[in-house]
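Undergrad: Submitted below is the structure of interest, expressed as structure tokens.
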């Protein structure tokens, strides 16, 4: 039986640096940004679960406006409340 190691929650500064980096290197519009968020936050750093990410993505797809920005705001809110959002 394998036990998955759950990573600890990042500091607010680490979280802020990730979003700053994404803002500078992102390309490809919302689809590219969402893909980069998924790869980094779900697969690499595991700060958010696959289920939670896809659940949030489903909601942002039905709302008017930029999906990637809404997804980023929601993930920030999940991690750090109003300050993260």
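The numbers here are math on the coordinates, done by the rules we state, and not lab data. This one's a predicted model, so the numbers in the text were calculated from it and none came from an experiment. FYI the Cβ positions are ideal-geometry reconstructions off the backbone, even for glycines, and counts take in every protein chain you see.
Undergrad: Could we say that residue 69 is under 13 Å from the mean Cα position of the chain (by Cα), surrounded by 14 or more Cβ atoms within 10 Å (Cβ to Cβ) and in a helix (DSSP H, G or I) here? It would help to see each step written out before you state the result.
TA: Values: under 13 Å from the mean Cα position of the chain (by Cα): yes; surrounded by 14 or more Cβ atoms within 10 Å (Cβ to Cβ): no; in a helix (DSSP H, G or I): yes.
Criteria not met by residue 69.
Undergrad: Which residues, counting only those in the stretch 53-66, are touching a helix residue (DSSP H, G or I) at 6+ places or on another chain (Cβ under 7 Å) and either part of a helix (DSSP H, G or I) or farther than 19 Å from residue 85 by Cβ (or both)?
TA: Within the stretch 53-66, the first condition is being touching a helix residue (DSSP H, G or I) at 6+ places or on another chain (Cβ under 7 Å), and the residues that meet it are 53, 56-57, 60-61, 63, 66.
Scanning the stretch 53-66 gives 53, 56, 57, 60, 61.
Undergrad: Another question about this same structure. Quick one: in the stretch 49-66, of everything that is surrounded by fewer than 19 Cβ atoms within 10 Å (Cβ to Cβ) and in contact (Cβ under 8 Å) with a residue 12 or more places away in the chain, which residue is nearest to residue 23 (Cα to Cα)? Spell out the reasoning first.
TA: To start, the set of residues in the stretch 49-66 that are surrounded by fewer than 19 Cβ atoms within 10 Å (Cβ to Cβ) comprises 49-52, 54-55, 57-59, 61-66.
If we keep only those that are in contact (Cβ under 8 Å) with a residue 12 or more places away in the chain as well, we get 52, 57, 59, 66.
Numbers: 52: 22, 57: 19, 59: 22, 66: 14 Å.
So the residue we want is 66.
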